[in-house]
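Below: the structure, in structure tokens.
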């Protein structure tokens, strides 16, 4: 929603009433950038107090019917709105507005407000900031560093993404830490599919299998803007889905006028960011680590020059990336369209890994009558990720990273002989080269997202209007997962003689809402806005995993085996809400809003009990008061906002399940064992109520020197009460793995600073810069029963785990050190900073770069623990390490490392060719890179890591992940 | 007025769209309330069959823990490298109670105990016949006592929790002596129920010859004899053996109920079997078993020479274990061989040396050794009995407790292979058990 409100109004009116003007002159003129004199294309020019308007053409020219003494209002994205007398409008210069004060921000299901009147700090990322510097495969990954209050953790570097997005700290322990994603009004699914490989690998749960999260299906290039409601005070109107914040995505739409065709081509490659390194062995260290009998084998390999570097063999590929996009947009009086077809194909840094995405989008807007208009957004996505055998494991011989660390010796020959026979690994559970070459692990998604909205202007009077809107949509996908381990694999020969796990997931989500929106203007200076409506959503999913073992040799069909197993997991979620909200605006001086939402959900113990989520906020624009006479400060706003949101329990929390058993064919029922069908032996709680988040946000916004410098200061206190969580410290002797409780409170406190500036602006150089700073601290305030390990957020306390203890941060890491559970680290960063720059040189060269600093945040480097046990960590010959062996001296605390880093996240340089062809309006070439420089003391693969997937806490524990990649691109862009 | 009327109509329309939500019944699996709350014969049979399945669970960690501590074997685990650290007391490290081998075993045992409790609870409200009720109570109480023994033995002097009926209000940890008493009481109650019982459920083939109330009662008494010996009540052990399936002959030493392993579905695979010569993940036999064995003892076949001797983490070995043939080989719950050894031990401790020597000879002869030729004194016979237990029950979770009962679970009796290692004698109670 980066388009200005005025522009929207204008476009609509221009198209509806194009004729019928009389007794007026034709006023024409040119609109240019005040800084460099460039013509501005598409500026909206509206006759003040009327519905007449025009757009500037490619050369910045406009013409409009008006009297000489009328006032014209010029508005344009990224520029301050300007009012000019028609007689003076022959040459209008507009100033860049770095603070985007006139930008209209979506703040609710049907509400939007001018940024200068906002009472919350709502971050907006437009398409230029999102993908203007460089491209990436996933949308959530493209956000990091561009917003305050956002922490992003990549759970692994496998192609197709696996990203945990956290807004203002910890919101939940039961899986709803990911914000709600809404694309053009459609609630979309962001689940991580499980593929069943845990059955073969022995990983503890589906979350450790390393699947991607489904927001990655959204093509970042389709996005016009993203608005992020970070906390409860901004997101209250979204009720029980909004505890972790809301990400509102608006896709590109067509504009009336000349049809624009855009062709873009990116070519690039993936390469590993950082190798963990390999120990350089000598005969002596081989003897001390692997025994004297190994020395002759090592020496023979050394003499033959056959010492490999298996880390480079695995992760040393340069994976080609090809991304092609074609978009067509345009339209006429009544109908506008936007079409985009794109195809991305990237190879990973390991052979046989990669990601493909084909995406089609059609967005249509149609005006049926003066009162009625509709908008449709259709998106089809087909994506496929080959993620390789990765993830945690227990004796499964599956994960290449795990078996590389524990333990592949570089003098082993693991490559196939002339008959294609792979030798067995001599120390690890599997030959990593065999696994790389012959194990399959893929996901394929077919997804359709359809959004629709209807707007009906029921009443339009001078001082009163009533609008009815309804919007809704559906998100359907079918996800297939496939894991294949040949019967010839080392572990499979000993156990199940081959393994196929084929998953078939279907997910259907639909939602709709309907609102009445009233506007009442009792006097010239007061606007009263009210909304009243309902919201309904329904999510269903069905995940079936079929597995076959005892495979017929070389066969990859589920039927071709001797033993069969099936898992199925169904979910049904239904919610209904009633919403009311009212805003009072006194002459843009004081803007006060109050609202409430009542929600009920079948995830709660009583599905028909409503829970209330109120909000209230006030913004005072001190600079708009008459007494204000500081010309250099055009905005001085104080704001405070309070709101509540909720989060219902994860599906299934109400139940105490039994699971099927079988012993020698005798069937029975008993408590589920760990991880059976991803269902633990849970003692359910039938009377659950939603956990709630209460946030108080306050801040001040400034705009200095003609909007050339903007400053936003925000502080917040967010208390999350009655968190629902599986309490895992329930005694083992209860027979239950956890009990569902909701007696845990935590508080997030933080502040955010954002400084925007346009320090240089002349005909040769234009420089926009944004400096962001943010910090959050989540503290455990109350625990009903006692401290515990959050379920699925760590291994045994011997190795270290996330840990919840009253009075500590909610992001603590702990280990059992000499029998005492000891806090050994905090995964949350102390603070983060980013510095985003867009520089235009000589009008044709655009340079963009984004630096990101994360200070603090501990990482438990269990990759190193594994390689220490394996004896292959590069620094094991360092005298300090010999004197103080990490595990022997410190236990798991020996693997806590500082995860601070400074990273050049994005850098891009684009050159617009200065000449024009007949049919090409604009041609650009560019180069860019993503994550190409990182400065850190962390010794693992990437300090941005998590072994437990994107849900839950998803923090700071590295276990032999798929290493992160950096990317380099060459870009070509043509506009016709 | 027209506007207001339109407004009212629209407001009402919005309310009409409001709806009532239905509660959800778990679409994925039966619920506890649904099954235990409906104690039909069919549901009770399913719970009983589930109990047998849960009694098979979590065997690998138990063997790894007891085998490593008693230096039967070193487990070079491809995924959890701490098996050669914590369990062996590397650099003097003490056990913490968080070891997955302990927590996994305890959790498995208590899940099975919970199954037994579900049955005992449901039977109370069931309308089945009294003999059927006794059948369910008989197996529930028997398994409960049997499985709690493993917990008590692992925790040693730290005791055992027996009452877990209410998850919100668990019973106390009983001391060692009290714990043994509670376990033998459970077994006695189970035995009493089995006297006039009827079985309506289907055991797996592992209980093929023990699937009637009469024969299952023999299993109950065999377990009770094991408990009596562990607690040092040798007179009781002898009388309990009378009602067990003890057979003083070398012909049927393998007789006894078994844990069944199978491929597919929710079946489990034999957790101790590792492919011959497999790297990475392997149970390596402690070298003393190779050097100390009597010449001609057929039990040498429980150990297989490796092509590659293993030397990792400062520990080494030349043989891997060869106790089971495949991933689907069954593992005994208890077999006649152990009963003969219990008979021998109880008789030694009751000073019936002739009976003891005869029993030991049954075991010796069956394994290709001649009759016992050593001195017939209590100490010598204890040595001979322990030698036979060591080799006959190798890798089956006995050695740690046998050595401890005879004060041999220490570094005067067992070797220290890596400087700084210590020998643990029992596990602490895991964190969070007592709150």
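Note on region A:148-209: percent of Cα-Cα distances in each 5 Å bin, starting at 0 and stopping at the bin with the largest distance, equals 4, 14, 19, 23, 22, 11, 5, 2, 0.
Relative contact order for chain A: 12 percent, from Cα pairs under 8 Å spaced at least 6 residues apart, divided by residue count. Every helix of 4 or more DSSP H residues in chain A counts as -39500 (n - 2.57), and over all residues that averages to -2000 deg cm²/dmol at 222 nm.
Taking 19 Å as the cut-off, the amide N atoms of region B:335-369 that come nearer than this to a point 7 Å along the Cα-to-beta-carbon line of residue B:247 belong to B:335-344, B:359-368.
In units of the compact-protein estimate 2.2 N^0.38 Å, region A:496-649 shows a Cα radius of gyration of 1.84. Sorted into 10 angstrom bins from 0, the C-alpha pair distances of region A:229-339 split as 11, 16, 13, 19, 13, 12, 11, 4, 0 percent.
Quick one: if the Förster radius is 51 Å, what FRET efficiency do residue A:771 and residue B:308 give, using the C-beta to C-beta distance and rounding to 0.05?
On the way: r = 60 Å, r/R0 = 1.17.
FRET efficiency, residue A:771 to residue B:308: 0.30.
Residue by residue along A:494-502, Cβ atoms of other protein chains within 10 Å of the local Cβ number 3 on average. Computed over the alpha carbons of region A:141-975, Rg followed by Dmax gives 28.1, 95 Å.
Order these peptides, A:393-405, A:936-948, by their mean beta-carbon neighbour count within 10 angstrom, highest first. The partial results should precede the final answer.
Numbers: A:393-405: 28.2, A:936-948: 23.6.
Final packing ranking: A:393-405, A:936-948.
Extending 7 Å from the Cα toward the beta-carbon at both residue A:884 and residue A:380 defines two label points whose distance is 6.2 nm. Our compactness index for chain B, the C-alpha radius of gyration over the empirical 2.2 N^0.38 Å, is 1.17. Restricting the calculation to Cα atoms, region A:169-243 yields a radius of gyration followed by a Dmax of 15.2, 45 Å.
May I ask for the angle, rounded to the nearest 10°, between helix B:213-231 and the longest principal axis of chain B, with both axes built from Cα atoms and the value confined to 0 to 90°? Helix B:213-231 sits at roughly 60 degrees to that axis. GNM remark for chain B: springs join alpha carbons under 10 Å apart, and the peak mean-square fluctuation among B:374, B:97, B:67 falls on B:374.
The long axis of helix A:5-16 is offset from the longest Cα principal axis of chain A by roughly 60 degrees.
How do B:200, A:495 line up, fewest other C-beta atoms within 10 Å first?
On the way: B:200 15, A:495 23.
Lowest to highest Cβ neighbour count: B:200, A:495.
Between residue A:322 and residue A:564, the simple spin-label model (points 7 angstrom out along Cα→Cβ) gives 4.0 nm.
Going by neighbour counts of Cβ atoms within 10 Å, the residues A:645, A:714, B:328, A:692 line up, fewest first, as B:328, A:692, A:714, A:645.
What's the Cα-based Rg to Rh of the protein assembly as shown, Rh via Kirkwood? Intermediate results must be reported in sequence, preceding the final value.
Numbers: Rg = 35.8 Å, Rh = 34.6 Å.
Reported Rg/Rh, Kirkwood definition of Rh: 1.03.
Region A:541-598 and region A:867-928 have Cα centres spaced 33 Å apart.
Using 1/(1 + (r/R0)^6) with R0 = 30 angstrom and r between the beta carbons of residue A:555 and residue A:418, what's the FRET efficiency to the nearest 0.05? Efficiency computed from Cβ-Cβ geometry: 0.75.
Provide the packing ranking of A:813-822, A:919-928, i.e. peptides ordered by the mean count of other C-beta atoms within 10 Å per residue, highest first. Mind showing how you got there, number by number?
Working: A:813-822: 19.2, A:919-928: 16.1.
Most protected by this proxy first, the peptides run A:813-822, A:919-928.
Label sites at residue A:333 and residue A:302, each approximated as a point 7 angstrom past Cα along Cα to Cβ, lie 8.7 nm apart. Value of Rg to Rh for region A:583-674, rounded to two decimals, is 1.45; Kirkwood radius and Rg both from alpha-carbon coordinates. Stretching the chain fully between residue A:625 and residue A:287 yields a gain of 113.5 nm (0.36 nm per residue, less the alpha carbon separation). Global dimensions of region B:108-232 from alpha-carbon coordinates: Rg and Dmax equal 14.3, 42 Å. Alpha carbon centre of region B:66-142 versus region A:81-127: separation in Å? One Cα centre to the other: 66 Å.
Kindly state, as a whole number, the per residue volume in cubic angstrom of the convex hull around the alpha carbon atoms of region B:331-412. Numbers along the way, then the final one.
Details: hull volume 8.2 nm³, N = 82.
Spelled out: Cα convex hull of region B:331-412, divided by residues, is 100 Å³.
Seen against the Cα atoms of chain B and their longest principal axis, helix B:130-155 is set at about 60 degrees.
The Cα atoms of region B:80-165 cover 59, 25, 17 Å along the three principal axes, with the biggest extent listed first.
For region A:692-728 versus region B:339-401, the inter-centroid distance based on Cα atoms is 75 Å.
Only alpha carbons enter this Debye calculation for region A:443-525, each as an equal point scatterer, and the log10 of I(q)/I(0) it gives at q = 0.16, 0.25 Å⁻¹ is -0.79, -1.07. Per the Debye calculation on region A:729-827 with a single equal scatterer at every Cα and no solvent contribution, log₁₀ I(q)/I(0) for q = 0.15, 0.17, 0.22, 0.25 Å⁻¹ amounts to -0.70, -0.83, -1.16, -1.32.
I'd like the per residue volume of the convex hull spanned by the Cα atoms of region B:170-319, given in cubic angstrom. Could the numbers behind the result be given before it?
Details: hull volume 34.8 nm³, N = 150.
Looking at region B:170-319, the number lands at 232 Å³ per residue.
In plain terms, if you count all Cα to Cα distances in region A:873-955 and split them into 5 Å steps from zero, the share in each step is 3, 10, 12, 13, 13, 10, 8, 7, 6, 6, 4, 3, 3, 2, 0 percent. Radius of gyration (Cα atoms) of region A:182-295, expressed as a multiple of 2.2 N^0.38 Å: 1.85.
Coordinate-derived values only; no laboratory data. As the structure is a prediction and not an experimental result, all values here were calculated from the model. Positions of Cβ are backbone-derived with ideal geometry, glycine not excepted, and every protein chain shown enters the neighbour counts.
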